[in-house]
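Novice: Sharing a structure with you now.
What follows draws every value from the coordinates through simple rules; no lab data is involved. Here the structure is a predicted model, which is why all the values come from computation and not from measurement. With ideal geometry, Cβ positions are generated from the backbone for all residues, glycine too; neighbour counts draw on all protein chains shown.
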Amino acid sequence: MHIKAGLISAILAASCLAPPVWADELVASAASPNNILNVDVRIETGGKLAYAIKRRGEDVITWSRLGFILTNAPKFDGGFSLEKKTLASHDDTWEQPWGERQFVRNHYQELRLDLVQKDFRNRRIAVVFRVYDDGVGFRYEFPKQEQLKDVKISDELTEFVVAKPGTAWWQVAGEVAALEHPVLKTPVREVGTANTPMTVKTEDGTHIAFHEAALVDYASMWMRRVEGQKFRAHLTPSATGPAVERRAPFSTPWRTMQIAGDAAGLYMSDLILNLNEPNKLGDVSWVKPSKFVGVWWEMHLNKSSWGSGAKHGATTANTRRWIDFAAANGFRGVLVEGWNIGWDSNWAGGGADFSFTKSYPDFDLPALSAYAISKGVRLIGHHETGGNVAHYEKQMDAGYKLYARHGIDSIKSGYVTDAGAALFAGPGNSTHFAFTDSQEASRHFLTAVREAARYRIAIDTHEPVKDTGLRRTYPNWLSREGARGMEYNAWGNPINSVDHEANLVFTRMLSGPMDYTPGILSLEGVDGKPIHSTQAKQLANFVLIYSPIVMAADLIENYEKYPAAFKFIKDVPTDWADTRVIHGAVGEYATIARKDRRSADWYVGSVTDGAARTLSLPLGFLAPGQRYVAEIYRDGDQADYRTARRFDLVAEQRTVDANDVLQLKLAPGGGQAIRLSPVP
Ligand code: NOJ
Ligand code: CA
């Protein structure tokens, strides 16, 4: 076949004729509902399968191959013929129990291709594309068939060829613990192996975010640059065999590309959520979006310790102090880390001594949770595993049960260890080390969430597998970390860069909520080292970095020291009826307006990188004809993150309506936060 095609194309080239159509045959096309994106699929010489994507007629992804390498059967890489193609359209709107917006429209064209490999005993596979106006997702389906009952995948041959030269914002995959590598900015042709979301801006201004949706019982996808601007899906390796082992029938996660004319369009896309299954938990009114405070930043500052002894942070007395503070200021939750036995040995990357049911003697769990409930507050549980999944799984159920008995309805979990160094159980009593984005890890994280749901407990995972929108299916997966959070500003080397938040919004945040722990009004880490922020930016982050549960992370004394700024932290909600990205440029600036789910208030957060800027904010999102009080928290005229003037915060009020345009004057490293409430 190859030889014949090669020979014919040589003859054709000699006689200057176009190649014969049967060599690369366009077999299917689909357009998005408003014809903004188009997907073409062709079967190439040798029966290889490839797709391409255009936006408004311009190439975005040029011919990119599809297929698999298996360990127990020949690869899926050619000899395909199309058995059936099905086009269908879909348009509905569903409601989120909590989120960036209450109602989400799911409007797409679906193209389903059933393919057969006649030379491989009629082996079958299907590829399903969903084409939206703001992106494309596709997945493979392995049907039940005698020829391939167990599917052992060593890697995918899925490609993504970026059509035009561009810049990429990306994070190295497989290196450094828990997706906490800083975001890098390079030409697309200098990317190595990237974690997703990877955000690309091509020279014509098109923005593309590569990611995946519904990562269930499968290895997480890394993107390996093969040559030029061609990437190939690279599945997180398994410690024990092929990257993925499944029994057919099953579907892979969706490979996704959010595609927009600007950075704002990427964040506005609901593609990832739409490609996930609807809520499987039924009534989730027990999942409570809310804010919390607690015994946390003091350990990161080294003022107290997780372990026992004179510096122990999780004491009954200290926790009561935090409960009183939460109750007095309207916070629902109090997180307490270091409450349980196991922190005195090498816990990070160890974790074998953790008990998830036994408290240190100076922490009275039953009394404290009863005290909290009596004041309208809930303790937030903490399960740090040190990455020792094998050890944790033996106690997880008992740990959940204990918390449920004491009315604790959310748990922050943690998996602090190095990349590839989480410990999993194998056959018998064996254990092995593996990545926290491997197939077995994706299984563990989801099991932890599903099991927690049985106890009506919500989970906030730190050092997690990346977010792929599973919160739609399991709304008790409230939040996660999965990027550099505030903790790096305590002890990081380096600490978070000044463009960190403007990067996060258009990279990590495209995948879902992040427990970022904002609100460090003291603006300093360990030993008073300044962080790269003004005070106004700390407030803006509450609106910008979305999470249904948000920790106001600073110490009580710092909130008492800055009451004007603290008022915004007390006011800002964490659950939204609507979200609008007003402006943004990846890594430079971002402004987001969000409408409160439980009132008519709007909130705005805007941040810049190290450059001072003035951004125009048209208030057209406000209800027409209604006057609003704007409570503005802005950088002082001399504010600058590099000097002591980073504390210069001006809190002022004015009356506005939908016809007004505010000028947001952002200091270097600065930001602005605004609350807009209807004039009664
Ligand atoms: C890492 C988490 O991200 C952090 O929030 C937590 O305090 C430590 N692990 C200890 O569990
Ligand atoms: Ca972390």
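Novice: Treating only the Cβ atoms of Lys and Arg (+1) and Asp and Glu (-1) as charged, compute the dipole magnitude of region 207-314 about its Cα centre; round to the nearest 20 debye.
Specialist: Working: 12 positive and 9 negative charges, 61 e Å.
Magnitude of the dipole: close to 300 debye.
Novice: Could I ask something else about it? With point charges of +1 on the Cβ of Lys and Arg and -1 on the Cβ of Asp and Glu, referenced to the Cα centre of region 25-274, which listed residue (I61, G241, V136) lies farthest in the positive direction of the dipole?
Specialist: Value computed over the given set: G241.
Novice: Can I ask one more? Quick one: which residues, 5+ away or cross-chain, put their amide H under 5 Å from the amide H of L662? H built at 1.01 Å from N.
Specialist: L617, L619
Novice: Using the charge dipole of the chain (Lys, Arg: +1 at Cβ; Asp, Glu: -1 at Cβ; taken about the Cα centre), state which of G166, S89, G386 has its Cα farthest towards the positive end.
Specialist: The one lying farthest along the dipole's positive direction is S89.
Novice: Give me the distance between the Cα centres of region 425-501 and region 308-386, rounded to whole Å.
Specialist: Answer, in whole Å: 20.
Novice: Anything over 25 Å Cα to Cα? Flag those among K118/K164; K303/K665; K201/K466, in the order listed.
Specialist: Over 25 Å Cα-Cα: K118/K164; K303/K665.
Novice: I've got another one for you. Would you mind classifying region 140-211 by shape? Square roots of the alpha carbon gyration tensor eigenvalues, ordered a ≥ b ≥ c; an a/c under 1.5 is rounded, otherwise it is prolate if a/b is larger than b/c and oblate if not.
Specialist: oblate
Novice: Which far-off residues, 5 or more places away or on another chain, put their amide H under 5 Å from the one on V27, with H placed in the peptide plane?
Specialist: Those lying under 5 Å, H to H, from V27 are V41, R42, I43.
Novice: So for the chain, taking the charge dipole from beta-carbon charges (+1 Lys/Arg, -1 Asp/Glu), which of I153, I208, T534 sits furthest toward the positive end?
Specialist: Looking along the dipole axis, the top candidate is I153.
Novice: What is the magnitude of the charge dipole of the chain about its Cα centre, with +1 placed on the Cβ of each Lys and Arg, -1 on the Cβ of each Asp and Glu, and no other charges, expressed in debye to the nearest 20?
Specialist: Computed charge dipole of the chain: roughly 940 debye.
Novice: Return the tail of the calculated pair distribution for region 287-482, meaning the percent of Cα-Cα pairs more than 26 Å apart.
Specialist: I get 29 percent for the Cα pairs in region 287-482 exceeding 26 Å.
Novice: Given an 8 Å cut-off on Cα distances and at least 6 residues of separation, report the relative contact order of the chain as a percent.
Specialist: Dividing the mean separation by the residue count of the chain yields 11 percent.
Novice: Continuing with this model, one more query. In whole Å, what are the Cα extents of the chain along the three principal axes, biggest one first?
Specialist: Here the spans come out as 83, 66, 43 Å, largest first.
Novice: 5 Å is the cut-off here: which amide hydrogens, built 1.01 Å from N in the peptide plane, fall below it relative to R378, excluding neighbours closer than 5 in sequence?
Specialist: Hits under the 5 Å cutoff: G333, V334.
Novice: If you plug each phi of region 606-622 into the Karplus form 6.51 cos²θ - 1.76 cosθ + 1.60 with θ = phi - 60°, what whole-Hz ³J(HN,Hα) values come out, in order, with x for Gly and Pro?
Specialist: 9, 9, 10, 7, x, 9, 6, 8, 10, 10, 7, 10, x, 8, x, 6, 6
Novice: Let me ask another. How would you classify region 524-614 from its alpha-carbon gyration tensor, with a ≥ b ≥ c the square roots of the eigenvalues: rounded for a/c under 1.5, else prolate if a/b is greater than b/c, otherwise oblate?
Specialist: Working: a/c = 2.16, a/b = 1.18, b/c = 1.84.
Cα axes put region 524-614 in the oblate bin.
Novice: Pick out, in residue order, every one of the trypsin sites (Lys or Arg not before Pro) in region 22-91 that is DSSP loop and has at most 14 other C-beta atoms within 10 Å; say none if there are none.
Specialist: Listed in order of number, the matching sites are R56.
Novice: Based on the Kirkwood radius over alpha-carbon pairs, what value in µm²/s does the Stokes-Einstein equation return for the translational diffusion coefficient of region 459-550 at 25 °C and 0.890 mPa s?
Specialist: 180 µm²/s
Novice: Let me ask something else. Out of region 21-71, which chymotrypsin sites (Phe, Trp or Tyr not before Pro) are coil in DSSP terms and have no more than 14 other C-beta atoms within 10 Å?
Specialist: Details: sites: W22, Y51, W63, F68; in loops: W22.
Sparse-neighbourhood loop chymotrypsin sites (Phe, Trp or Tyr not before Pro): W22.
Novice: Something else: Take the cross-link list K375/K595; K375/K567; K75/K185; K85/K595 and give me the ones stretching past 31 Å between alpha-carbons. Don't skip to the answer; put the middle values down first.
Specialist: Values: K375/K595 29 Å; K375/K567 21 Å; K75/K185 35 Å; K85/K595 42 Å.
From the list (K375/K595; K375/K567; K75/K185; K85/K595), the Cα-Cα distance tops 31 Å for K75/K185; K85/K595.
Novice: So what's region 575-680 giving for Rg/Rh, alpha carbon basis, Kirkwood Rh from the mean inverse pair distance?
Specialist: With Rg and the Kirkwood Rh in hand, the quotient comes to 0.98.
Novice: Could you tell me whether region 271-357 comes out rounded, prolate or oblate from its Cα gyration tensor? Rule is a ≥ b ≥ c as square roots of the eigenvalues, rounded for a/c under 1.5, then prolate if a/b exceeds b/c, otherwise oblate.
Specialist: oblate
Novice: In whole Hz and in residue order, list the ³J(HN,Hα) couplings for region 511-518 that follow from phi through the Karplus curve 6.51 cos²θ - 1.76 cosθ + 1.60, θ = phi - 60°; x for Gly and Pro.
Specialist: Whole-Hz 3J(HN,Hα) from phi for region 511-518: 8, x, x, 10, 7, 8, 6, x.
Novice: Using θ = phi - 60° and the Karplus curve 6.51 cos²θ - 1.76 cosθ + 1.60, what whole-Hz ³J(HN,Hα) does each residue of region 318-325 get, with Gly and Pro shown as x?
Specialist: 5, 5, 4, 4, 5, 5, 4, 5
Novice: Relative contact order for region 468-572: what percent, with Cα pairs under 8 Å and sequence separation of 6 or more?
Specialist: For region 468-572, the relative contact order is 29 percent.
Novice: Where does the chain land at 222 nm, in deg cm²/dmol rounded to the nearest 500, when only DSSP H runs of n ≥ 4 count, each adding -39500 (n - 2.57), divided by all residues?
Specialist: My calculation for the chain gives -5000 deg cm²/dmol from helical runs alone.
Novice: Restrict the search to region 580-621; then list the trypsin sites (Lys or Arg not before Pro) that DSSP places in a loop and that have at most 12 other Cβ atoms within 10 Å of their Cβ.
Specialist: Sparse-neighbourhood loop trypsin sites (Lys or Arg not before Pro): R598.
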